[in-house]
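One structure is given here, and the rest of the page talks about it.
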Amino acid sequence: MDDIDKLITESKETKKGEIENILEEIEQLKQDPTKDFKSEYDNSIQQLSAKEGLGKTYGQPRRLTQERLRAEMTKCEQAQKGVDSLIDKLEDLCEEAVDDNLTINQATLGAKK
């Protein structure tokens, strides 16, 4: 019987300690229920900003990189236009040379007859 009383007393004390811990946690939540939420929210915002390149810290490098990329793309487009115009000129000159050669051949054939 003493063993049973001892077990009940120990169990009672254990449960009393657990209840006190839970009550302390409840009191802390009553004081500032959004404390954990705020810290998690701030961490999430920080991670999202880093991932998406947003805000002052992460946005500026992204914007600078985009600006450089646009400048390089513009240079490439201008170079491509220059190459295209040179190719067009070369094609025109080739056609002109072929036409001149045909004219010369026709003239020499006409002169032989």
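Scan the range 11-21 and give yes if some residue there is outside any helix (DSSP H, G or I) and either loosely packed, with under 10 Cβ neighbours inside 10 Å or modelled with pLDDT of 90 or more (or both), otherwise no. No, the range 11-21 contains no residue that is outside any helix (DSSP H, G or I) and either loosely packed, with under 10 Cβ neighbours inside 10 Å or modelled with pLDDT of 90 or more (or both).
Taken over the range 90-113, the residue count meeting the criterion of being surrounded by fewer than 10 Cβ atoms within 10 Å (Cβ to Cβ) and either modelled with pLDDT of 95 or more or not in a helix (DSSP H, G or I) (or both) is 1. Of all residues in the range 60-88, those that are closer than 30 Å to Ser49 by Cα have Cβ atoms under 9 Å from Cβ atoms of residues that are part of a helix (DSSP H, G or I), 6 or more apart or on another chain, in Arg62/Glu52. Do we have any residue at all in the range 38-49 that's part of a loop (DSSP other than H, G, I, E, B) and either surrounded by 10 or more Cβ atoms within 10 Å (Cβ to Cβ) or of a type in the set (Val, Ile, Thr) (or both)? Scanning the range 38-49, I find no residue that is part of a loop (DSSP other than H, G, I, E, B) and either surrounded by 10 or more Cβ atoms within 10 Å (Cβ to Cβ) or of a type in the set (Val, Ile, Thr) (or both), so the answer is no.
The values are calculated or read from the model by the stated rules, or taken from the named source; none is laboratory data. It should be emphasised that the depicted structure is a prediction, and the values quoted were computed from it without experimental measurement. Cβ: placed from backbone, ideal geometry, glycine included. Neighbour counts: every protein chain shown.
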